[in-house]
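Beneath this line is the structure, given in structure tokens, with notes to follow.
The values are calculated or read from the model by the stated rules, or taken from the named source; none is laboratory data. Keep in mind that what you see is a predicted model, and the values were worked out from it rather than measured. As a convention, Cβ positions derive from the backbone with ideal geometry for all residues, glycine included, and neighbour counts pool all protein chains shown. Heavy atoms of the whole protein, side chains included, go into the accessibility calculation; ligands, DNA and RNA do not. Shrake-Rupley method; radii C 1.70, N 1.55, O 1.52, S 1.80 Å.
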Amino acid sequence: MELDVLKIDGSLSGKKVVLDENVFGVEPNDHAIWLDVKQYLANQRQGTAKTKDRSEVAYSTKKLGRQKGGGGARHGSLKANIFVGGGRVFGPDPRDYRTKLNKKVKSLARVSALTYKAQEGKLTIVEPFSMDAPKTKDMLNILNAIKAGQRQVLIVLPENAKNIYLSSRNLPEVNVISVDEINTYAIMKAHQLVLVDGVQEILAARVK
């Protein structure tokens, strides 16, 4: 697949790039994408949910009444779960939700997601640019010029650029990451994928 490289004003730069078929032209594997997205979301969970069981609540352990003859059920203490303020039965404990995934599966998922964007025409390549100062208005002008749309936009840079990142921080529909941070979830979540020229070559080199 061949794409034109755009300038940040929306005009053609005159350069065309040929996308590597190993990255943007594979047979998409939906199950690999599902596995990778599932792992990514699981790894974001803190796993700090915690409730107190009956051994941890602050109540007296004195027996409420005699064992027999009271006319009701037998109770050992107010810590039992049936009482207000008692311990919770089978409540959550801190745990690690992180899972492992084979590197080849993650790679397949990533290139499958990139292939979908290329096939759907939701991939734009712009020439390298920089910003002298953080300006949200300038970032909006760039996105409008290259017709990235008003929905979720993912901009992938060859390396971190602080001013570009800060210029997009107040735009809830725009996410700026470096090529080192690219992942299947971010690609699939984006409605439009914007690659700065050179990123496609880095991705192709990492697949081989």
Specify which of the listed residues (L35, L12) is aliphatic (A, V, I, L, M) and either loosely packed, with under 14 Cβ neighbours inside 10 Å or under 19 Å from R88 (Cβ atoms) (or both). L12
Just to be sure I understand the filter: pairs with C-beta atoms under 6 Å, separated by 6 or more residues or on different chains, first member in region 117-138 and in contact (Cβ under 8 Å) with a residue 12 or more places away in the chain and closer than 14 Å to I187 by Cα, second member assigned to a loop (DSSP other than H, G, I, E, B) and of a type outside the set (A, V, I, L, M). Which pairs pass? none
What number goes with the only condition from (1) without any contact (Cβ under 8 Å) to a residue 40 or more places away in the chain; (2) closer than 30 Å to A113 by Cβ that P28 does not pass? (1)
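Results for (1) over 28 Å from A42 (Cα atoms); (2) of a type in the set (S, T, N, Q); (3) open to solvent by 60 Å² or more (accessible area, probe 1.4 Å), shown as yes or no for each residue.
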residue	(1), (2), (3)
K100	no, no, yes
R110	no, no, yes
A118	no, no, no
K137	yes, no, yes
L140	yes, no, yes
N163	yes, yes, no
I177	no, no, no
Please work out which residue is surrounded by the most Cβ atoms within 10 Å (Cβ to Cβ), limiting yourself to region 195-208 and to residues that are touching a Leu at 6+ places or on another chain (Cβ under 9 Å) and in a helix (DSSP H, G or I). Q200
Pairs, first in contact (Cβ under 8 Å) with a residue 60 or more places away in the chain in region 1-12, second of a type in the set (K, R), C-beta under 8 Å, six or more apart: L3/K16; D4/K15; D4/K16; V5/K15; V5/K16; G10/K147
Total residues in region 38-72, condition surrounded by fewer than 11 Cβ atoms within 10 Å (Cβ to Cβ) and among the basic types (K, R): 3
Cβ-Cβ below 7 Å, separation at least six or inter-chain, first residue in region 39-63 and at positive phi and touching a residue at least 12 places away in the same chain (Cβ under 8 Å), second among the basic types (K, R) and open to solvent by 90 Å² or more (accessible area, probe 1.4 Å): which pairs? G47/R95
(1) out of contact with any strand residue (DSSP E or B) (no Cβ under 9 Å at 6 or more places or on another chain); (2) under 20 Å from D36 (Cα atoms): which one isn't true of N175, the others all being true? (1)
Answer yes or no: is there a residue in region 134-143 that is of a type in the set (D, E) and over 27 Å from G25 (Cα atoms). yes
